[in-house]
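*Asks:* Okay, here's the structure, questions in a sec.
Each value in this text was obtained by applying a stated rule to the coordinates, not by laboratory testing. Every value quoted in this text rests on a predicted model; they were computed, and no experiment measured them. Don't worry about glycine lacking a Cβ; one is built from the backbone with ideal geometry, like all the others, and counts go over all protein chains shown.
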Amino acid sequence: MGDYCIYTDPQKCIACHSCEVACKSENNVPSGASLGKIVILGPKLVDGIPKMSSLFIPCFHCEDAWCINACPTEAIRRRDKDGLVYILEELCVGCKACIMACPWKIPQWNPETGKVMKCDMCMDRIDEGKKPACVSSCPTNALEFGSRCDMSHKTRAEYGKNLLKKNMGAAA
């Protein structure tokens, strides 16, 4: 897997779609395509109250990326220094094999170029020491960008704290 990930705090996400708009603008994504997408979950009853939650879903930069394995021209590659998966547009022949191979349908068809595009976590911005456009544009700081290891530890710690809160509340 890539060294980086984008974590969504569903408690902070208001589904404003600023992340999607910033991504489209930064990467010249045509109408109808989306390199990262807000997914709305719910409603789910929480303490008898219906609640909705939202998550931003970018490319996962899989360890054994199906899109890389499906590409007959080796246009989809993994960057050695950080594991990010990206497309060399000049090698893409527009066969759409990667779109069909990805279980999350992350690669998107660009009808303007006749080629496929996908989230590369704004590699150029990362190389400049910046965060991906989607993360930088989030008005509620619901999106966090960091190393997989850091985000994994954070997620586990938050999960543990929530379990403790629930158990302490039940014991009271």
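*Asks:* Give the aspartates and glutamates whose C-alpha is closer than 17 Å to that of K115, dropping any in the same chain fewer than 8 places away, or say none.
*Replies:* The reachable aspartates and glutamates, counting only those whose Cα sits under 17 Å from K115, are E74, E89, E90.
*Asks:* Okay, next question. Just to be sure I understand the model, the point goes 7 Å from the Cα along the line to the Cβ. What's the resulting E112 to S53 distance in nm?
*Replies:* Result for the modelled spin labels: 3.6 nm.
*Asks:* Still on this structure: Give me the Debye-computed log₁₀ of I(q)/I(0) at q = 0.19 Å⁻¹ for segment 4-171, equal point scatterers on Cα only, no solvent, two decimals.
*Replies:* Normalising to I(0) and taking log10 leaves -1.28.
*Asks:* Now for a separate question. Measuring from centroid to centroid over Cα atoms, what is the spacing of segment 6-60 and segment 69-105 in Å?
*Replies:* 24 Å
*Asks:* May I pose another question? Would you please give the FRET efficiency between V46 and T73, computed as 1/(1 + (r/R0)^6) with r the Cβ-Cβ distance and R0 = 41 Å, to the nearest 0.05?
*Replies:* Details: r = 48 Å, r/R0 = 1.17.
So the FRET efficiency works out to roughly 0.30.
*Asks:* Take I14 and V39, extend 7 Å from each Cα along the Cα→Cβ direction, and tell me the distance between the two endpoints in nm.
*Replies:* Between I14 and V39, the simple spin-label model gives 2.4 nm.
*Asks:* May I pose another question? Could you give each residue of segment 99-115 its phi-based ³J(HN,Hα) in whole Hz, using Karplus coefficients 6.51, -1.76, 1.60 with θ = phi - 60°, and x for Gly or Pro?
*Replies:* 5, 5, 6, 6, x, 9, 6, 6, x, 10, 7, 10, x, 6, 9, x, 9
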